[in-house]
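Data block below; observations after.
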């Protein structure tokens with residue numbers, strides 16, 4: 001195997017790993033917001049209004065549970081956006097998680113700092129999904145455009161993607 005062949009093989013392995021990471025994050029950031037959003041309506045896992053900072057509750061109309069219904073709707077919508085448009089949904093979920101982190105840091109400090117740290121890690125994951133979605137966006141556009149005979153389009157495998165600069 002020549003040096004060029006070895007570099008090409010390594011490049012293919014990296015592209016494949018990135019493609020797999022993109023799909024793992026895309027599935028995770030679709031399922032988690034939808035499931036947690038649904039839970040905001042039923043409080044199965046926890047009593048969600050307890051996590052709302054008092055200053056947010058004082059400016060939001062209605063009760064803390066009413067606000068959680070709104071939060072649940074936003075989270076379900078964000079999960080669906082990630083599923084269908086991850087280049088938009090990734091930053092949307094990251095921004096939403098940023099808001100959650102601020103809420104947790106200001107709700108009875110330092111009681112929820114551990115959860116805020118976890119959600120900060122999720123925010124980093126959502127930003128990683130965003131970066132990968134931007135890198136694979138040309139692939140998505142190629143998949144949406146029908147192939148024409150005699151076209152010089154490349155195959156739809158991750159090894160044929162181009163990363164925008």
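The order of the peptides 42-52, 93-103, 5-15, 112-122 by mean Cβ neighbours within 10 Å, most packed first, is 93-103, 112-122, 42-52, 5-15. Listing 19, 134 from fewest to most neighbouring C-beta atoms within 10 Å gives 134, 19. Fraction of C-alpha pairs exceeding 13 angstrom in the stretch 1-52: 70 percent, rounded to a whole number.
Computed from the coordinates by the stated procedures, all read-outs in this text should not be read as laboratory data. This is a predicted model, so every value here is computed, not measured. Virtual Cβ from ideal backbone geometry, glycine too; neighbours counted across all protein chains shown.
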